[in-house]
Amino acid sequence: MARTLPSDRALFLRLLGETRPYALHLVVVFGLGLLATPLAMLGPLPLKIAVDSALGSHPLPRALQFPGLPPTHQTALAIAVGLMVAVTLAKQLQDLATRMVRAYVLERLTLDLRARLFLHAQQMSLTHHDRQGTTDAVFRIQKDVPDAQSIVVESLFPSIAAGFSLVGMLLVTARIDWQLALVATAIVPALFLVNQHYRRRFRGRSRDVRNLETSALGLVQEALGALRVVKAFGQERREQERFVRRSRQGMMARLRLALVEGGFGIWVSLMTVAGTAIVLFVGVRHVQSGTLTLGALLMVMGYIAQLYEPLKTMSRRAAGMQAKLTSAERVFTLLDGARDVVDRPGARPLVRSRGQIAFDHVTFGYSDERLALREVSFEIPAGTRVGIAGPTGSGKTTLVNLLLRLYDPVEGRVLLDGLDVRDYRLEDLRRQFAMVLQDPVLFSTTVGENIAYARPDASPADIVEAARAANAHDFIARLPKGYDTAVGERGMTLSGGERQRVSLARAFLKNAPILVLDEPTSSVDLRSEALIMEALERLMHGRTSLMVAHRLSTLEGCDLRLELDRGHVLTTHPAGHAPRALEGGR
């Protein structure tokens, strides 16, 4: 069933709700915007004074007749020039103040929503990111959020202020010549109909552009993330061609959108030009009949130009607003995405686990068509070293994912200290685990900060102690800046063995009761493997430890062994003892 898209009104109301913490700032922005109306009304006045009073014989407007000033042509000209300079300066100051306050509010709104969306994207299930790709979330956070937040600050409020200007210009024009005001407003219904006709087309085209831009960015991220593979196979040109093909689709979508915008702009221009021409024709006839002075006609034409400018502004913003509403729609779709793994109502706190683990008839699949685990049951006493072996795709990593509640089982229960892991607070549950992966994950910061990632408040002495325990201190001390040395993106300035020992130091620093080791020595040399295994012995002491490996020789020191095949636990036995079948296995 197709997803129901939110209406413009629903999106506007939600965006207004996002601005509530900055309501006072928005009132200031709106107030400054309203100042543009009287300043715009004063704009044509110097020209009228120059024509009617400096060149002609009409008296100055009563508000500008100052006691002591002779009513001469020179006085009228001086007042016209002074008024022109004062109005221009006031306009510039008003524009500067409006820009600064508007920019401040927009940046704060954008930062707040980006932060919330970033946190929510991290909390979304791995299934969501596996299906959508991380690039989609990155694009929405970086590109769609500022576009969405600019709707209220840069489109909605300025359009309302433009509406006030429109009403003000009409009232002043009607006071001068009501027939010209009536003629000038005749194009408003036509503009409204054209706007409604193009609105849906703008939204659909904008959605196509956003989706294709996200796809092209995904190709860039994928190629650069696998740059070593791309270079090793000499496929730089091929990746460029893929990017160009996808970008060309985006280019064509943007051209189609530009064509729609151009067509809309032509209609708006034609209607405003037609209105101006009719006003000019009628106004000249009124001057010829003596019912209107030439200066008054020039003033009216100035007002008409400014009257149509708000109409053009509102029409253009209505067009651009559809593209931004598409961004808002994409932002709220991600923000409203349900998380698969959440705390249950009344979830229990957990300070430190004993480390007793059990799987009770657990079944799980990443999709409905393929199950990764089938009716798996076993028990692991606290403090046990467990080896998990099996071929690729047998479900080894899935066991760990379920234990950390990265996913929840389809059937059955995962137990920690006798309680379903879903009964614990998620944050507390994951604090019980330290992980050392086959491909250690380091961040593009310093060595010390990477170790302290497990415990950001750790002291320098604690970090050094953890590094010593992981046999990492000696090589870190030889780095150019020691613990303050930047490791580069994903830690690529370090060797594989060095990255693994930094990862081990992080696990030591966390001091969690349960340790998960996923092939920690499979991609390092023999010397590094010896150092890592020595550190692992220290790290596993007194902890429940789960070591995932393909090679059975790696698991020789384990107290218990689980062997998986096609989602079933086949055997479990102490190392060196005869295997026995598990419940649910085969």
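The values are calculated or read from the model by the stated rules, or taken from the named source; none is laboratory data. Remember, predicted model here, so these are calculated numbers, not experimental data. Glycine gets a Cβ as well: all are built from the backbone with ideal geometry, and neighbour counts include every protein chain shown.
A compact table of results
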quantity	calculated
Those residues of region 459-478 which are crowded, with 19+ Cβ neighbours inside 10 Å and assigned to a loop (DSSP other than H, G, I, E, B), in sequence order	Ala470, Asn471, Ala472
Residue check, Arg405 under 27 Å from the mean Cα position of the chain (by Cα), closer than 20 Å to Leu504 by Cβ and not polar (S, T, N, Q)	no
Residue among Phe202, Phe281 that is in the same structural domain as Met299 (by TED's automatic domain parsing), without any contact (Cβ under 8 Å) to a residue 40 or more places away in the chain, closer than 30 Å to Ala305 by Cα and not β-branched (Val, Ile, Thr)	Phe281
Cβ pairs under 8 Å, 6+ apart, first in region 94-106 and in the same structural domain as Asp147 (by TED's automatic domain parsing), second acidic (Asp, Glu) and part of a helix (DSSP H, G or I)	Arg102/Glu154; Leu106/Glu154
Residues that are within 15 Å of Leu34 (Cα to Cα) and surrounded by fewer than 20 Cβ atoms within 10 Å (Cβ to Cβ), drawn from region 163-173	Gly163, Phe164, Val167
Qualifying residues in region 255-264 (those that are surrounded by fewer than 16 Cβ atoms within 10 Å (Cβ to Cβ) and without any contact (Cβ under 8 Å) to a residue 60 or more places away in the chain) - the one nearest to Ala186 (Cα to Cα)	Gly262
Selection from region 223-255 of residues that are within 25 Å of Gly204 (Cα to Cα) and of a type outside the set (Lys, Arg)	Phe243, Val244, Ser247, Gln249, Gly250, Met251, Met252, Ala253, Leu255
Odd one out for Lys396, checked against (1) at pLDDT 85 or above; (2) basic (Lys, Arg); (3) under 29 Å from Gly557 (Cβ atoms)	(1)
Residue tally, condition closer than 18 Å to Leu570 by Cβ and assigned to a loop (DSSP other than H, G, I, E, B), over region 381-408	6
Hey, Leu224 at negative phi and buried (at least 16 other Cβ atoms within 10 Å of the Cβ) or not	no
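Yes or no, residue by residue, for (1) more than 30 Å from Asp360 (Cα to Cα); (2) of a type in the set (Val, Ile, Thr):
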residue	(1), (2)
Ile388	no, yes
Asn401	no, no
Val410	no, yes
Gly418	no, no
Arg430	no, no
Ile451	yes, yes
